[in-house]
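Worksheet for the structure shown next.
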Amino acid sequence: MEILQVKQIHKIYGEKENKVYALRDVSFSVEQGEFIAIVGTSGSGKSTLLNLIGGLDVPTRGQIIIRGHDIASLKRKELTIFRRRNIGFVFQNYSLMPVLNVYDNVALPVTFDRGKHVDHDYIRELLKELGLWEKRKRYPSELSGGQQQRVALARALANKPALILADEPTGNLDSGTTVEVMGLLKESSRKYNQTILMVTHNEALAQACDRIIRIEDGKLYRSGKVPAAETAAASAGKDGDCL
Ligand code: ADP
């Protein structure tokens with residue numbers, strides 16, 4: 001089943017002589033449960049694409065359909081609720097709440113989604129897997145960058161969202177933690193049939209995904225399956241230092 005359709009998306013920032021064509025006629029579909037890497041040089045349009053899919057910005061042209069909903073047709077409040085229920089964000093700036101401790105930051109999306117019962121066992125499991133359980137009563141300012149990044153990841157997973165949008169989720173982590181975070185994402189995706197779109201600069205990590213979408217100069221230029229042999233080779237490299 002297709003969870004996401006990106007249809008002929010164009011995104012232009014600025015006007016007249018300041019126009020920047022960030023995305024040009026980008027189209028692709030994603031099946032539920034796929035783990036996709038989005039790869040491209042800096043400035044190629046990767047973050048723009050994630051922002052549009054997450055409904056944080058609107059395309060100049062084209063449509064984004066998530067679980068059958070054209071997100072442009074949702075009213076602001078509907079979009080906020082839709083996003084909270086369906087999408088987990090792991091972005092660069094972490095956007096953790098400074099006044100909440102680690103545990104409460106992670107539980108926040110579930111608490112916001114009032115109809116939902118907070119699954120404390122699952123949150124404890126996530127924090128333990130990410131090596132954050134001992135830090136659960138600490139505040140973001142008391143944590144390192146890598147720890148904050150892991151809190152942001154736990155928060156994105158806490159609601160068991162159908163779609164996870166991750167912008168360099170391992171960018172700030174050492175190679176050992178990177179392997180753990182990738183393992184957690186893969187396991188979560190398999191267990192809950194979650195779809196993950198992950199921007200990465202790391203070719204070895206990209207090769208460990210189900211599919212790589214490459215963007216250059218705002219254009220999608222290759223979107224194909226990673227051959228099984230390459231996936232196996234990249235997974236086999238997990239214990240080495242190539243990641
Ligand atoms: P990437 O994530 O691949 O580094 P971005 O999506 O951030 O690329 O940027 C794509 C292009 O759009 C770049 O040329 C960037 O300078 C431009 N851009 C991104 N955001 C804005 C913005 N808010 N206003 C104007 N230009 C922007």
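The values are calculated or read from the model by the stated rules, or taken from the named source; none is laboratory data. Not measured: the values here are computed from a predicted model. With ideal geometry, Cβ positions are generated from the backbone for all residues, glycine too; neighbour counts draw on all protein chains shown. In case anyone asks, the SASA skips ligands and DNA or RNA and just uses the protein heavy atoms, side chains included. Shrake-Rupley method; radii C 1.70, N 1.55, O 1.52, S 1.80 Å.
Here are a few things to note about the model shown:
- Per-residue surface analysis assigns His117 an accessible area of about 150 Å², computed on protein heavy atoms at 1.4 Å probe radius.
- Stokes-Einstein D (µm²/s) once Rh is taken as the Kirkwood radius of the chain over alpha-carbon pairs, at 37 °C in 0.692 mPa s: 177 µm²/s
- Based on alpha carbons, the Rg and Dmax found for the range 29-148 are 16.6, 47 Å.
- Projecting the Cα positions of Gly146, Ile87, Tyr221 onto the charge dipole of the chain (unit charges on Cβ atoms of Lys, Arg, Asp and Glu, taken about the Cα centre) puts Ile87 furthest along the positive direction.
- Phi angles of the range 121-138 translate, via the Karplus equation with coefficients 6.51, -1.76, 1.60 and θ = phi - 60°, into HN-Hα couplings of 4, 5, 5, 4, 4, 4, 5, 5, 4, 8, x, 10, 4, 5, 9, 4, 9, 7 Hz per residue; Gly and Pro are given as x.
- Antiparallel content of DSSP bridges confined to the chain, in %, to 5: 55 percent
- Taking a quarter of the surface of the Cα convex hull of the range 61-124 gives a mean projected area of 6.1 nm².
- The distance linking the range 8-45 with the range 104-167 is 29 Å (Cα centroid to Cα centroid, whole angstrom).
- Residue list for the range 147-171, given a label point 7 angstrom along the Cα-to-Cβ vector of Arg85 and an amide N cut-off under 15 Å: 159-163
- Short to long, the 10 Å bins of the Cα pair-distance histogram for the range 43-90 hold 25, 59, 15, 1 percent of all pairs.
- The charge dipole of the chain, taken about its Cα centre with unit charges on the Cβ of Lys, Arg, Asp and Glu (plus for the first two, minus for the last two), comes to roughly 840 debye.
- Total lysine pairs whose alpha carbons fall under 21 Å of each other in the range 37-176 (8 or more apart, or interchain): 5
- Here the range 101-166 is assigned +1 on the Cβ of each Lys and Arg and -1 on the Cβ of each Asp and Glu. Its dipole about the Cα centre then comes out at about 80 debye.
- Scaled radius of gyration (Cα, divided by 2.2 N^0.38 Å) that the range 1-89 gives: 1.10
- Estimated purely from DSSP H runs of n ≥ 4, each contributing -39500 (n - 2.57), the mean residue ellipticity at 222 nm for the chain is -10500 deg cm²/dmol once divided by its residues.
- Length-normalised contact order of the range 49-164 in % [C-alpha pairs under 8 Å, at least 6 apart]: 33 percent
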